[in-house]
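S.K.: Before I ask anything, let me first share the structure, which is written out below as structure tokens.
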Amino acid sequence: MVLLEVKNLSTHFFLKESRVRAVDDVCFTVEKGKILGVAGESGCGKTTTALSIMRMLPPAGKIVKGEIYLEGIDLLKKNKEEMRQTKWKELSYIFQYAMNAFNPVMTVGEQIAEVIIEKQDTNSKSGKKEAWKKVKESFEIVGLDPDRSKNYPHEFSGGMRQRAIIAMAMACDPKLLIADEPVTALDVIVEKKILKLLREIQTKYDLGIMFITHDLSVIAESCDEVAIMYAGKLVEVGDASTIFHKGAHPYTRMLIRSFPSILGECKRIEPISGIPPDLANPPLGCRFHPRCPIATKECKEEIPPFEQFSTSRHQVACFHAGESIA
Ligand SMILES: Nc1ncnc2c1ncn2[C@@H]1O[C@H](COP(=O)(O)OP(=O)(O)OP(=O)(O)O)[C@@H](O)[C@H]1O
Ligand SMILES: [Mg+2]
């Protein structure tokens, strides 16, 4: 069942001298009870996509086109108050760099309780008691001792802080969780534990998760579906095994080759030469064509449509999808 549907989303940043086309005509869905991994190089528009869904863009950022449906309701048609009600209750977000987001002078539990109380729209004694009950429950969900909710952020290790961030995101029982690079600041062992935890939570609560990372090896282990972004565009979407074994876009294939041991094989790492384009002045045609080994005249002149490829859930935007890149 489709939980989130993003249709033809374009978000641009309007700067003094230029317009940065950070997200351009992006379409994807997140299914209930599934994890969608979103990957791509730094600056390709992952965070901007997430912030557009949350309606939390910085002032220069504007959604110039598109629709975003959560369980069939267009989030872009909601007014501020309606969106405030939706946020955290139905739609929850773990910010990139969220590990440092806790206020150092309040206990972790107080900060989570504050979010819950705001959503309850009551500051009564029973409301507070109810909120603290939820804080303790959410600590249990993420495998933290509920008594630790009385501790300050500096009394938590990095992994514990990450769990507490997830507890905060889960505190209002959301339907969809967007996690923006939640594990990049952690060492590999903690990272794996956190991912395992997200998977457990997702299974238990039938949650939809949009999991953003630039690390493909993380996605290979933890996601059901994968979306690959390049320079503000979605270039390929499919189930994880299709993407990793039968990825059809040259960028997807090159990205996979540029990471070590995703499939457990001993292979040479091949970095992608060149750099992503300036999104204030993106190349005409396919945005990947200047770095693509099989680009032709057509790729330089026309934007490839995002079309169904091998299966109904596999879509690719490439005139040469599936062709060998040698
Ligand atoms: N506040 C802003 N003002 C102007 N441009 C911005 C702003 N935020 C992001 N951008 C630009 O939008 C584009 C997409 O950025 P975004 O942060 O969404 O990328 P990302 O894929 O999340 O990157 P990373 O992996 O580094 O987090 C980049 O070109 C970036 O420079
Ligand atoms: Mg980002």
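The values are calculated or read from the model by the stated rules, or taken from the named source; none is laboratory data. What you see is a predicted model, and the numbers here were worked out from it, not measured in a lab. Backbone-built Cβ (ideal geometry, glycine too); neighbour counts: all protein chains shown. Ligands, DNA and RNA are excluded from the accessible area calculation, which covers all protein heavy atoms including side chains. Shrake-Rupley method; radii C 1.70, N 1.55, O 1.52, S 1.80 Å.
S.K.: Select from region 211-228 the residues that are outside any strand (DSSP E or B) and over 11 Å from residue 259 (Cβ atoms) and list them in ascending order.
M.R.: 221, 222, 223, 224
S.K.: Another question, if that's okay. Could you list, in sequence order, the residues of region 254-280 that are at pLDDT 80 or above and basic (Lys, Arg)?
M.R.: 257
S.K.: Another question, then. Mind counting the residues in region 205-232 that are within 15 Å of ligand 1 (Cβ to nearest atom) and under 17 Å from residue 51 (Cα atoms)?
M.R.: 9
S.K.: What are the pairs, 6+ residues apart or on separate chains, where a residue within region 139-163 that is under 12 Å from residue 108 (Cα atoms) and in contact (Cβ under 8 Å) with a residue 40 or more places away in the chain has its Cβ under 8 Å from a residue that is in a helix (DSSP H, G or I) and among the basic types (Lys, Arg)?
M.R.: Going by the 8 Å Cβ cut-off, the qualifying pairs are 149/136; 153/161; 156/148.
S.K.: Additional query: Can you tell which of 216, 186, 144, 197 is within 30 Å of residue 72 (Cβ to Cβ) and not hydroxyl-bearing (Ser, Thr, Tyr)?
M.R.: Step by step, each of 216, 186, 144, 197 is checked, and only 197 is within 30 Å of residue 72 (Cβ to Cβ) and not hydroxyl-bearing (Ser, Thr, Tyr).
S.K.: Looking only at region 207-221, filter to residues that are open to solvent by less than 10 Å² (accessible area, probe 1.4 Å) and farther than 20 Å from residue 287 by Cβ; which one of those is nearest to ligand 2 (Cβ to nearest atom)?
M.R.: Applying the filter and picking the extreme gives 213.
S.K.: Can you find even one residue in region 258-270 that is in contact with a helix residue (DSSP H, G or I) (Cβ under 6 Å, 6 or more places away or on another chain) and open to solvent by less than 20 Å² (accessible area, probe 1.4 Å)?
M.R.: no
S.K.: Within region 235-257, track down each residue that is in contact with a Leu (Cβ under 9 Å, 6 or more places away or on another chain), without any contact (Cβ under 8 Å) to a residue 60 or more places away in the chain and open to solvent by 10 Å² or more (accessible area, probe 1.4 Å).
M.R.: Of everything in region 235-257, those that are in contact with a Leu (Cβ under 9 Å, 6 or more places away or on another chain), without any contact (Cβ under 8 Å) to a residue 60 or more places away in the chain and open to solvent by 10 Å² or more (accessible area, probe 1.4 Å) turn out to be 244, 245, 256.
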